Amino acid sequence: MTEPRWHAAIERVVLALALVWLLALAVVFALRVGFPLELEWMEGGILHQALRLQRGESLYPPPGPDFVPFLYTPLYAIVVGALGLVFPLDYALGRVVSILAVVAIAAAIVRAVRREGKPRTHQIAAVGLFASGYVFGFRWLDLARPDTMFLALVVWALVLLRESWGDARKAALAGVLMALAFWTKQTATVFVLASGVGALLVAPRQLWIYAAVIAVLDGGVLWLANARSEGLLWHYVFELHQAHRFNHERFARKTWAMFVHAAPWLTVLVAWLVIRFVAPWGLRARKLGGDDQRLRARLSAHRGLLYWSLMALASALVSALGYSTQWAEPNAFLPGILFGAVWIGVALPGAGRAQAIALGLVGAQLSFALLLEPRFQPLWDRGLAGLRDSYAWQSLERTIPSTSARADAAALREQLQAQRRELLALQRPWWSVIAGGTGHVGSMGIADLEPADRKAVESALAQRVRDGEYDELWFEGEPPPWLRAALRGRYKVVERRQGRARVRPMSGWMSEAGVVTAYVADQVRMAPIIPAEIPEGAQVLADFEDGTLQGVTTHGGYGRRPVAGFTGELPQPAGYGGEFWLSSGGASGQLDAKGEAVIGPVSVAAGDALQLAVGVVGRPQDDRGCTVVVVDAQDVELARLGPIGGAAVLQPQRWTATAAGSIRLRVRDEDPAAACVLDDVWLIAAATP
């Protein structure tokens, strides 16, 4: 009997949507792979691990200021490091490895679904569903990180294990791949256990081969490698990992709610498929009564579906465990996305109205994911009142670097390479290598350590800063408190990148993608303190470099002396000269303090220019809280400079005298939520260009 035309139309639509997703991912990967700096902030740390392997250095050494590894097993870094002997070891190489892993995953999905006798439409639909989870998985698949390679090894191991009935070689190869998956990311342990149970369904006589291979390659090699590292391998990949805090609410509730929120149409489909499958089985089991032989025969007929159901449940557990671990990102959902797609491809009805309905729900989900990006937090915080805010329209800007972002990243990279300086970039350790250095510990590595080791590494790094070993320092946000004493009197902020001027990742922390609360911290560059360059013919009225007011009269918050370094919790401004500047917040950084600084009287001739650097730190209520006024001898206002910008960056302000006379400069802070800061007040003679 010929199926209705609308059945075929639904199949064509689903195929088209799946192919659109595959094409979209291919374009996204092509446009992201060559991004000159991190697409995700930990990519550089992975490359640093690969570089250490190339140098013959230990990947699991005692923690120190040079290196602390991420808490992963080493295979991905080994692969990238080995390829880096042939190709340039850089971000693009690590991303290419992940992209090839995506291709391998797609091939495995097709093979898994085809093995269960499902048509091509189901195979491609399953691949499309996996691809449609790219945004929900935090745009992680193409990053220079081990997640995608780990998934490729796991899914191929499970595909081959499914095919291992009577085939010892496939069972052994499946064991090799699963063992390698563990050496890529230790969360493969859950799949090792689940696949052991699954093997009882699909290859019980080959289970011992599969298990023996894993035991040798994981257990045996782990024992040898751990002994060679004097126990540090186990310390990093297990003990420290277990020390991370566990979020029980995420595990029990939030993970599952986020899956439903991101895939509402698949939630309906999965519920329907489960009911459709389980309900008749319950009836059949009662009819069969105690006839175990007939019941086993019926179970055997659905061996593949039961096997992949078990793997889908295991992947959901892996996702929940991963997302519930301290500092986790939604890339933890990738196993659930992958094996959920495989399960749906296997479980889809093969013909008739049921197939059309199921494919219709698949098509609805593929369309939904094309249009909307899930942002679950408003719904979690406010209940149904936050539903509308919990989705955003898809935007290419959140996924693909814009022309300006790519140009900014390329320019910054060229700047790093041209300087060939020894630099410290705590959140971007690969920048040290780009600049010609040897690399250093990253902030994530420090955060992973036990308190005593963390303090020792911080102290050693701070000592290097005190010793002036770095020509430049970069921070995402403000320098950490434990480093500020070492910075004081040695380094100062010379640049603050703000807003779109920041070179930010496109995935994960600091990125715009997938977040509800925007990341707003500055990108801060610090350099050794050097005196300001004074223009020829300029008279210094006040630069505060001797640590005194130099004749400046102060009232209120400006206090009795200039400030240097960090003032309370306020960010250190950029744009001041030398070491000292004047702040209405004083040394303690009190934003609510008000005050006035008066410079002068100063005698000027016609054409003379008065120049100073002035800015605002804090949260100014408006642009009138900090004012700079030039007055004459009778205190009559001659000029008002500005407006004075905020954002902790001092900007030069200039006033030119139109007639000779005596003037004074008044700098006032009238804003209880901001501090007015100034430095380098110069009088530049008229003849000076």
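Name the residues whose placed amide hydrogens come within less than 5 Å of the amide hydrogen of A574, ignoring near sequence neighbours (fewer than 5 apart) on the same chain.
The answer is V649, L650.
Rounded to the nearest 0.05, what FRET efficiency is calculated for E239 and A8 with R0 set to 45 Å and r the Cβ-Cβ distance? Show your work: numbers first, answer last.
Values: r = 57 Å, r/R0 = 1.27.
Approximately 0.20, to the nearest 0.05.
Taking 0.36 nm per residue of separation and subtracting the Cα-Cα distance, what length does fully extending L200 through A633 add?
On the way: separation 433, 0.36 × 433 = 155.88 nm, distance 9.64 nm.
Full extension of this stretch gives 146.2 nm more.
Pulled fully out, how much extra length does the chain show between A527 and A685, if you take 0.36 nm times their separation in residues and subtract their Cα-Cα distance? Could you put the intermediate results ahead of the total?
Values: separation 158, 0.36 × 158 = 56.88 nm, distance 3.08 nm.
Roughly 53.8 nm would be gained on extension.
Translational D (Stokes-Einstein, µm²/s) of the chain at 10 °C and 1.306 mPa s when Rh comes from the Kirkwood sum over C-alpha pairs? Could you put the intermediate results ahead of the total?
On the way: Rh = 28.8 Å.
D, rounded to a whole number, is 55 µm²/s.
When the Kirkwood hydrodynamic radius is evaluated over all pairs of different C-alpha atoms of region 559-689, what value in angstrom, to one decimal, is obtained? Each step should come with its number before you reach the end.
Working: mean 1/r = 0.0673 Å⁻¹.
In region 559-689 this quantity evaluates to 14.9 Å.
How high is the relative contact order of the chain, in percent, with contacts defined as C-alpha pairs under 8 Å that are six or more residues apart? Intermediate values should be presented prior to the final figure.
On the way: 1277 pairs, mean separation 86.3, N = 689.
Relative contact order here is 13 percent.
Please identify which residues in region 257-280 have an amide N closer than 11 Å to a label point set 7 Å out from the Cα of A392, following the Cα→Cβ vector.
Zone members listed by number: none at all.
Once phi is turned into θ = phi - 60°, what whole-Hz ³J(HN,Hα) does the Karplus curve with 6.51, -1.76 and 1.60 give for every residue of region 142-154, x standing for Gly and Pro?
Using θ = phi - 60°, the values come out as 9, 7, 7, 9, x, 4, 6, 5, 4, 5, 4, 5, 5 Hz.
Taking the Cα centre as origin and putting +1 on Lys and Arg beta-carbons and -1 on Asp and Glu beta-carbons, what dipole magnitude results for the chain, to the nearest 20 debye? Walk me through the numbers before you get to the answer.
On the way: 65 positive and 60 negative charges, 816 e Å.
For the chain, the charge dipole is close to 3920 debye.
Just going by the charge dipole of the chain, with Lys and Arg at +1 and Asp and Glu at -1 on Cβ, which of L217, L426, A385 is farthest out on the positive end?
The Cα lying farthest towards the positive end belongs to L217.
Each label point is 7 Å from the Cα along the Cα-to-Cβ direction; what then is the distance between the points at V86 and Q54, in nm?
The two pseudo-label positions are separated by 1.5 nm.
Restricting to DSSP loop positions (anything but H, G, I, E, B) with no more than 14 other Cβ atoms inside 10 Å of their own Cβ, which trypsin sites (Lys or Arg not before Pro) remain in region 227-262?
Working: sites: R228, R245, R250, R253, K254; in loops: R245.
Loop-located and lightly packed - R245.
For region 433-579, take the alpha-carbon Rg, divide it by the Kirkwood Rh, and send me Rg/Rh.
On the Cα set of region 433-579, Rg over Rh gives 1.02.
Using DSSP to call loops (not H, G, I, E or B), can you name the trypsin sites (Lys or Arg not before Pro) in region 1-107 whose Cβ has at most 15 other Cβ atoms within 10 angstrom?
On the way: sites: R5, R12, R32, R52, R55, R95; in loops: R55.
Those that pass, being in a loop and sparsely packed, are R55.
If you take the square roots of the eigenvalues of the alpha-carbon gyration tensor of region 110-245 and sort them as a ≥ b ≥ c, do you get rounded (a/c under 1.5), prolate (a/b over b/c) or oblate? Please report the intermediate quantities before stating the final value.
On the way: a/c = 2.69, a/b = 1.24, b/c = 2.17.
Verdict is oblate for region 110-245.
Which value results for Rg/Rh of region 383-474 when Rg is the Cα radius of gyration and Rh the Kirkwood radius based on the inverse mean 1/r?
Numbers: Rg = 19.0 Å, Rh = 16.2 Å.
Taking Rh as the inverse mean 1/r over Cα pairs, Rg/Rh reads 1.17.
Using Cα pairs under 8 angstrom and six or more residues apart, how large is the relative contact order of region 403-528, in percent?
24 percent
Would you please name the GluC sites (Glu not before Pro) within region 470-522 that are DSSP coil residues with at most 16 other C-beta atoms within 10 Å of their C-beta?
Values: sites: E472, E476, E495, E512; in loops: E512.
Taking region 470-522 and a limit of 16 other Cβ atoms within 10 Å, the loop GluC sites (Glu not before Pro) found are E512.
Karplus couplings for region 574-579 from phi (6.51 cos²θ - 1.76 cosθ + 1.60, θ = phi - 60°), rounded to Hz, Gly and Pro as x?
9, x, 8, x, x, 10
Hey, what angle do you get for helix 292-301 against the long axis of the chain, alpha-carbon based, 0 to 90 degrees rounded to 10?
50 degrees
Subtract the Cα-Cα distance of S603 and R120 from 0.36 nm times their separation in residues, and report this length gain in nm to one decimal.
Numbers: separation 483, 0.36 × 483 = 173.88 nm, distance 8.78 nm.
So the extension gain works out to 165.1 nm.
Computed from the coordinates by the stated procedures, all read-outs in this text should not be read as laboratory data. Note that the structure is predicted; figures quoted are calculated from it, not measured. Positions of Cβ are generated from backbone atoms using ideal geometry, with glycine treated the same way; all protein chains shown enter the neighbour counts.
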